[in-house]
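Scroll down for the structure; my scribbles are underneath it.
A short reminder: the numbers here are calculations on the coordinates, not readings from a lab. If you're wondering where the values come from, they're calculated on a predicted model, not measured in any experiment. We place every Cβ from the backbone using ideal geometry, glycine too, and count neighbours over all the protein chains shown.
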Amino acid sequence: DTLVIDTKGADHGLAKLMAMAPLQRPRVLDLVPANAFAYGEATSDLSQILGLMREMVGKIEANAVKEMDEAIARASRVVGVDIEKDVLGGLGGGMGWYVSLPPGGGLYPEVAFVLGVKDPATFEGTLQRVAEGIAGQVNEDGRVIARPRTITYEGVTLHLVDLQKAHGHGV
């Protein structure tokens, strides 16, 4: 399917957030397993999203930009990295996603999001600190146990945060 939004002459707001360069060639397709039943790619540059959102939100309500920046600063303190500079600023080169059945069988499909990064070596450390920060924050209230771990899957390093209920039954 193709989604086309015609916004003749639009140069601000949602139209600017959704502006993408043409996809020159598939970048994520090589990572998609053969049994995937849904797949997509986009060239949107997420490193620019907060600046564009500030511009858009500021035109609607000026105080909302301050609140948004405070929320981002709190989240940055929780995970131990600057979300805007280190996480979003490190992204580039498009994104993709797929949904497939697990290769070893299983009830739930795998959903994977793939984000391009500008400098993989630097971003690797940033991503590890984010995973550890999320796990530390989740573990504080004692209801959930979170463990960050790194695995190699089909030649790609994945940073995961495993979640487990601390007491009782359920997910």
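Data overview
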quantity: Taking the convex hull of Cα positions in the stretch 81-171, its mean projected area over all directions (nm²); calculated: 7.3
quantity: Selection of GluC sites (Glu not before Pro), the stretch 62-171, meeting DSSP coil and at most 10 other Cβ within 10 Å; calculated: Glu154
quantity: Ranked by how many other beta carbons lie within 10 Å on average, peptides 71-81, 111-121 from highest; calculated: 71-81, 111-121
quantity: Cα pair distances exceeding 22 angstrom across the stretch 30-147, given as percent; calculated: 53
quantity: For the stretch 18-84, convex hull volume per residue from C-alpha positions, Å³; calculated: 142
quantity: Additional length obtainable on full extension of the chain from Asn63 to Tyr108, 0.36 nm per residue less Cα span; calculated: 12.0 nm
